[in-house]
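The structure appears right after this line, and notes come after that.
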């Protein structure tokens, strides 16, 4: 029910007679809030070892495909994260008047598809939800983005569509290798069906598909434009949720369904992860646009996630494997919260000043202190300050990676140093000093904006000081 509740809200909204923007946003916020309650109810029910809360209905029995959904310690935190970020996005978007009914409906459709990807236990169902996320985000960028939105949306669509093709081929290979043939992901995880060359070719297809979605170098080039041109809520969902589809797929398919092939290919994957982490940090350091800077930091942070997953693939010690994998999943959650908050705050700065260029800003901390200190908190979280969400996640990833590839872990740590530098520069240029004449007077953080961003900041602090609340759930997946 939780999966399709947003879709029901979208259908109801479209079926009702034409109404104003305020009503459309009320439907979106209410539906998303109910979805979050459903996700929290799933969290309250909890998970055991393996998959729990399973629902299964016959669909295409001749092919072994069925409507199969369920959760484990990996997918459940990501489902709750998705519900939290979509609700924050709906609250922030309540100011949009242009074609509000279509906007809200698309965002609700995208929420159903995103939760569906994390909950799917059938490969056909997984692929269908995966493709719907592509369509939903394309129209959100193209319809409500900024000046170059059409080009950015098309680039996003083409990249991710091309990434879907090797994923489909990999799913077919896994299906044809199973005996009896089935699309049940639980069967694939319990008894990986492919070995040798077939497994390696399937892994290559999976790595390409998920590398584009994550994204990692050299498949990252669609990301900055998509973020910069997307509306603020679109950037929140893209960074906080859709990028996690790639890293989640890397765990669920590559690590769990082709483990031997992944173990053999792990050294190359680790090199790509480290390059992505360093390149993302250096590219972010070179930016003068706040939003583009935050976008490139996502490449950096996703590199850490890939590093943790690859380290788990080669670790022979169970403790090291759990340390790396648990840290990678926790990093997905932390990145969603922190980067979602950063994109909201950058959107607020742009709404007030009409610019995201650091050279045209300055002194905002004295003009809008609540907004400014919120940005400082989110920036400190993103650079990995202890007591905030990224620290326990990255610490576990690096500790797990150091146990198997110490040199790679040492190089990856340099990304944190660069990230610290770029955020301190951004704070100094945009929020410290004297404000420009154009920015002397402007409203501080409003009530609607606070309802969107403050919960993300509070969860960032909670995850930093009490990571066991999530880690205990993640650990049950092993």
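Observations, loosely collected:
- Per this entry, residue 321 is not counted among residues that are at pLDDT below 95, in contact with a strand residue (DSSP E or B) (Cβ under 6 Å, 6 or more places away or on another chain) and more than 16 Å from residue 416 (Cα to Cα).
- Test: residue in the range 175-184 that is under 26 Å from the mean Cα position of the chain (by Cα), at pLDDT below 95 and surrounded by fewer than 24 Cβ atoms within 10 Å (Cβ to Cβ): yes
- Some residue of the range 433-445 being buried (at least 18 other Cβ atoms within 10 Å of the Cβ) and not in a helix (DSSP H, G or I): yes
- Taking the range 393-413 as the range and being outside any helix (DSSP H, G or I) and either farther than 12 Å from residue 273 by Cβ or without any contact (Cβ under 8 Å) to a residue 60 or more places away in the chain (or both) as the test, the residues that pass are 403, 404.
- For the range 446-460, the condition of being assigned to a loop (DSSP other than H, G, I, E, B) and closer than 27 Å to residue 292 by Cα holds for at least one residue.
- Number of positions in the range 381-392 that are part of a helix (DSSP H, G or I) and crowded, with 23+ Cβ neighbours inside 10 Å: 4
- Within the range 140-156, not a single residue is assigned to a helix (DSSP H, G or I), without any contact (Cβ under 8 Å) to a residue 60 or more places away in the chain and either under 17 Å from the mean Cα position of the chain (by Cα) or within 13 Å of residue 237 (Cα to Cα) (or both).
- Selection status of residue 465, at pLDDT 95 or above and surrounded by fewer than 16 Cβ atoms within 10 Å (Cβ to Cβ): yes
The values are calculated or read from the model by the stated rules, or taken from the named source; none is laboratory data. Remember, it's a predicted structure, so these values are computed and weren't measured experimentally. All Cβ positions, glycine included, derive from the backbone under ideal geometry; neighbour counts span all protein chains shown.
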